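Note sheet for the following structure.
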Amino acid sequence: MRLIGMLDSPYVRRVAISLEVLGVPFVHESVSVFSTFATFQALNPVVKAPTLICDDGTVLMDSSLILQFAEAALSNDRSLWTGEQIQLQHEFRVVGLAMAACEKAVQALYETNLRPADKQHEPWLTRVRGQLHAACKALEQEVQQRPHLFNGALNHGSIAAAIAWQFIQSLLADLVSAAQHPGLAALSERLEQHPAFLKYPPTGPGVQAPPT
């Protein structure tokens, strides 16, 4: 299998690290949806990262669906979800919050870095930034109130939360304060030393501002 996308994308990195922890073999290919758009388009006309190309050539998209497929068909019954209902609810909540935080961070970056200044819509930016802050605040509460979800073996919740925090801090540290999210900061610092995180570091060009 081939995982297509840059590791500075939290969605691509989430899939790479999770597949590694699950023991599912794959080859990662660093192809950018920006600087190598035509190359990506030749692999997947939708040009969506992450893209997973299965051994038979089937193209899959969306980090959550890719990981659902991996656990259902490729992981030898290994799962990064718990089997206990209440804990599972909170793991799903954490992943949902982490993905929402990434989505709002990306929207804020696109608005300020890719849209011309005279075209930027401040009410939209204010709304998106408010949603980003709300997601990070809720994630911090989960880390503080349910440390058992984050301090044991890696699971989908802890992986997603740590990756989301690293991504946000790498590009929007001036907007989302680490001092106000000590649990997330500590979680990210610890998991970034895990072998799976070290194997797939968040390298890539990020969202670059257009040339002036």
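The values are calculated or read from the model by the stated rules, or taken from the named source; none is laboratory data. It should be emphasised that the depicted structure is a prediction, and the values quoted were computed from it without experimental measurement. Cβ atoms come from the backbone with ideal geometry, glycine included; neighbour counts cover every protein chain shown.
Within region 50-61, track down each residue that is under 17 Å from the mean Cα position of the chain (by Cα) and either without any contact (Cβ under 8 Å) to a residue 12 or more places away in the chain or loosely packed, with under 15 Cβ neighbours inside 10 Å (or both).
Leu60
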Checklist entry - Looking only at region 174-212, which residues are at pLDDT 95 or above, surrounded by fewer than 12 Cβ atoms within 10 Å (Cβ to Cβ), of a type in the set (A, V, I, L, M) and assigned to a loop (DSSP other than H, G, I, E, B)? => result Ala179
Item to check | Matching entry among Ser30, Ser18 (being polar (S, T, N, Q), within 20 Å of Glu142 (Cβ to Cβ), surrounded by 14 or more Cβ atoms within 10 Å (Cβ to Cβ) and not assigned by TED's automatic domain parsing to the domain that holds Ser170) | outcome: Ser18
Next on the checklist: List pairs: first residue in region 103-129 and at pLDDT 85 or above, second residue of a type outside the set (A, V, I, L, M, F, W, C) anywhere in the structure, Cβ distance under 6 angstrom, at least six positions apart or on different chains.
Outcome noted: Lys104/Gln131; Ala108/Arg129; Leu125/Glu111; Val128/Lys104; Val128/Gln107
Checklist entry - When Ala135 is evaluated against the numbered criteria (1) in a helix (DSSP H, G or I); (2) surrounded by fewer than 16 Cβ atoms within 10 Å (Cβ to Cβ), which criterion, by number, is the only one it fails? => result (2)
Checklist outcome for this item: Note on region 145-161: residues free of Cβ contacts under 8 Å to residues at least 12 places away in the same chain, of a type outside the set (A, V, I, L, M, F, W, C) and not in a helix (DSSP H, G or I) are Asn151, Gly152
